1. Can you tell me which residue within region 23-41, out of those that are among the hydrophobic types (A, V, I, L, M, F, W, C) and within 9 Å of the ligand (Cβ to nearest atom), is surrounded by the most Cβ atoms within 10 Å (Cβ to Cβ)?
2. Checking the condition touching a residue at least 12 places away in the same chain (Cβ under 8 Å), away from the ligand (no atom under 12 Å from the Cβ) and at positive phi, which residue from 173, 178, 197 passes?
3. Being crowded, with 18+ Cβ neighbours inside 10 Å, touching a residue at least 12 places away in the same chain (Cβ under 8 Å) and either within 13 Å of the ligand (Cβ to nearest atom) or under 21 Å from residue 138 (Cα atoms) (or both) narrows it down to one residue among 85, 12, 54, 44; which is it?
4. Residue check: is residue 187 loosely packed, with under 10 Cβ neighbours inside 10 Å and either under 16 Å from the mean Cα position of the chain (by Cα) or among the β-branched types (Val, Ile, Thr) (or both)?
5. Hey, could you check region 134-148 for residues that are surrounded by 14 or more Cβ atoms within 10 Å (Cβ to Cβ) and free of Cβ contacts under 8 Å to residues at least 60 places away in the same chain and say which is nearest to residue 67 (Cα to Cα)?
6. Tell me which of these residue 218 doesn't satisfy, since it passes every other one: (1) out of contact with any helix residue (DSSP H, G or I) (no Cβ under 6 Å at 6 or more places or on another chain); (2) surrounded by 14 or more Cβ atoms within 10 Å (Cβ to Cβ); (3) among the charged types (D, E, K, R).
Amino acid sequence: VGKNQNSSKKPLAHVAIIMDGNGRWAKQKGLPRIQGHRAGVENLRKILDAVKELKIPYLTVYSFSTENWLRPKEEVKGLMKLLDLFLKKYTKDLIKSKVRLRVIGDYNKLPNLTVKHLEAVMDATKDFSENNLTLALNYSARHEVIGAIKRCYDEMDKESVESLDWNRLSSFLDTKDLPDPDLIIRTSGECRLSNFLLLQGAYAEIYFTPVLWPDFKKEHLEKAIEFYNARERRFGMTSEQINKETHNPVIS
Ligand code: FPP
């Protein structure tokens, strides 16, 4: 990650968003829920631009959780269709704006065509590094950790178990190529993490806003960044230690 030039006083490399409230947005307007998701997708496209303008290199969004399969069949189908649409409509655009697309989560369980499409876009954008959009699809943190432990176990002998540390374990997580999120935003007034990046977000600032996802604009993102900038991240140390401006042991 290169230096980012956003106005923040602190480095802000990675913003992660729980895009919540599409259903309520639609309900308020007397529309079917899927219209809320449609507006949510359009908004994601706009927020991706805003993140780019603010020179934040990584954006990760919770697009479909492992629990979302429990929603009515029609809604699940609609969400998959919207994902296809997003990929169809914006692939050229992603390439033009040099955005690398990644997926975290067990996306192989998505419909075959969607998987193919996702892989094609990931491949077409794999050489970009400046801007990174990661979709969490069929993702849950607990599921991810279990997968990581299984993959890690396959590679470990007794000796490596002894030396297992966070660095090593995190190299088996879906997020192995991403920096930890600095700021996690959840829209729509819910104050939960709902199984999203639980370990990676250990030191993230968490910002909750009542704004529903389709209404969440660049100005709201800027407000969240202001909140982030006003916090002192101590990483378990004291304020005095941090203010000595010694190197930061966790993020440097
Ligand atoms: C929460 O709204 C949102 C989701 C379950 C999925 C988020 C998905 C999108 C923004 C669209 C799909 C994304 C892509 C990239 C295709 P909710 O339905 O829980 O809203 P509610 O809590 O008001 O009912």
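1. Start the filter on region 23-41 by keeping residues that are among the hydrophobic types (A, V, I, L, M, F, W, C), which leaves 25-26, 31, 34, 39, 41.
Next, only the ones that are within 9 Å of the ligand (Cβ to nearest atom) stay: 25-26, 39, 41.
Values: 25: 24, 26: 21, 39: 19, 41: 20.
By that ranking, first place goes to 25.
2. Numbers: 173 fails: at positive phi; 178 fails: at positive phi.
One residue alone meets the criteria, 197.
3. Matching residue, one of 85, 12, 54, 44: 44.
4. Values: loosely packed, with under 10 Cβ neighbours inside 10 Å: no; either under 16 Å from the mean Cα position of the chain (by Cα) or among the β-branched types (Val, Ile, Thr) (or both): yes.
Criteria not met by residue 187.
5. Taking region 134-148 and keeping what is surrounded by 14 or more Cβ atoms within 10 Å (Cβ to Cβ), we get 134-141, 143-145, 147-148.
Checking the rest, the ones that are also free of Cβ contacts under 8 Å to residues at least 60 places away in the same chain come to 141, 144-145, 147-148.
On the way: 141: 11, 144: 13, 145: 16, 147: 17, 148: 19 Å.
By that ranking, first place goes to 141.
6. Among (1) out of contact with any helix residue (DSSP H, G or I) (no Cβ under 6 Å at 6 or more places or on another chain); (2) surrounded by 14 or more Cβ atoms within 10 Å (Cβ to Cβ); (3) among the charged types (D, E, K, R), residue 218 violates only (1).
Bear in mind these aren't lab numbers, they're just calculated from the coordinates by the rules spelled out. Just so we're clear, the structure is a prediction, and the values are computed from it rather than from any experiment. Glycine gets a Cβ as well: all are built from the backbone with ideal geometry, and neighbour counts include every protein chain shown.
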